[in-house]
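What follows is a single structure, written as structure tokens, with notes after it.
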Amino acid sequence: MMNAMNSKLRTALLTISREVFEPFLALKELVFPEPHRVTLLEKLALARKGAVEAHVADPITDAEVIGFIHELSEKMHLKTPKIVLYHSDTKQQAMHINNNTVALGYQKIANSTPDELRATIAHELAHQHDNSVSLAVSIGRVVLDWGAKIGCCLLAHHVLKPTDADPSMFDKIKQNAASIFAFVGAGPLTQIATEAPYAAFRRQQELNADATAGKVVGYDAMESVLEKKIARDQAETTEYPPTNRKKWVEHIEHYIRTHPSFETRIAALENLEEQAKHKAQR
Ligand SMILES: [Zn+2]
């Protein structure tokens, strides 16, 4: 059904679902966790994160991968998460979805060395540490965003309140139209305003997850995962040259991206590796 759907409509539906349903689903799954099933929220999260064609399969059956998951969650003092597999043509090949669930793309498993796979899993597991904080921040962001939108709407409604005891039809229409206009106009602004600090928080969490993974499986393995991503991006750029984009679009994207660049992440890991070496020598 998804395939037949027009892509613009699909994007619109995903955006609406993210804004409206996700906070409720997140709350529901917090209160009634369903550990053995791929929940609607997980499917939505996969879809939103670009794996729209995602086919969520049963929990992983590959013995080696399961071995890594158990080994690493024990090392990191975490409950072993549920891992789901998905098919995707998109770049994201491993992700932390929500409480106790990690998704791995089939390609990721096929293209990784055992050390890289361990590093990838360790990175996703590291997100488990921050999970409740992330969920709270994510819900907070939506509440703030919608609070501001509704606030603008109520403000316009209040400011344009007719002063007459018996207001004309025109005054009433004016008041309501202005409220709707304020709500719609505030939409993209509050979206970006709340997305930027949220994204900055997410970028810091990525660096933290890399650091934790590096400590557990070795910095070299984590760096190698990121270097592979750079190589893949470079191969893609030669295959499909990037289209010219406006500067301001790039600026906005810079502030709302949830992941630091691979180069930044590698530099941070190299820094930590240096520090660890110094500590060991002392
Ligand atoms: Zn991550």
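Throughout, read-outs are computed from the coordinates displayed, never taken from laboratory work. Just so it is clear, the structure is predicted and the values come from calculations on it, not from any experiment. When we count neighbours, we look across all protein chains shown, and the Cβ atoms used for this are built from the backbone with ideal geometry, even at glycine.
Evaluate the charge dipole of the range 132-282 about its Cα centre and quote only its size in Debye, nearest 20, assuming +1 on the Cβ of each Lys and Arg and -1 on the Cβ of each Asp and Glu.
Value, rounded to 20: 260 debye.
Using the Cα gyration tensor of the range 132-282, with a ≥ b ≥ c the square roots of its eigenvalues, what is the shape: rounded (a/c below 1.5), prolate (a/b larger than b/c) or oblate (neither)? It comes out prolate by the Cα gyration axes.
Legend: distances between Cα atoms for Lys79/Lys228; Lys228/Lys277; Lys215/Lys247; Lys149/Lys174; pairs beyond 26 Å are Lys79/Lys228; Lys215/Lys247.
Would you order Asp233, Asp210 from fewest to most other beta-carbon atoms within 10 Å of each residue's own beta-carbon?
Working: Asp233 12, Asp210 26.
The most exposed by this proxy come first: Asp233, Asp210.
Tell me the chymotrypsin sites (Phe, Trp or Tyr not before Pro) within the range 221-282 that lie in a loop according to DSSP and have at most 15 other beta-carbon atoms within 10 Å.
Values: sites: Trp248, Tyr255, Phe262; in loops: none.
Listed in order of number, the matching sites amount to none.
Distance between the C-alpha centres of the range 248-282 and the range 143-167: 44 Å, rounded to the whole angstrom.
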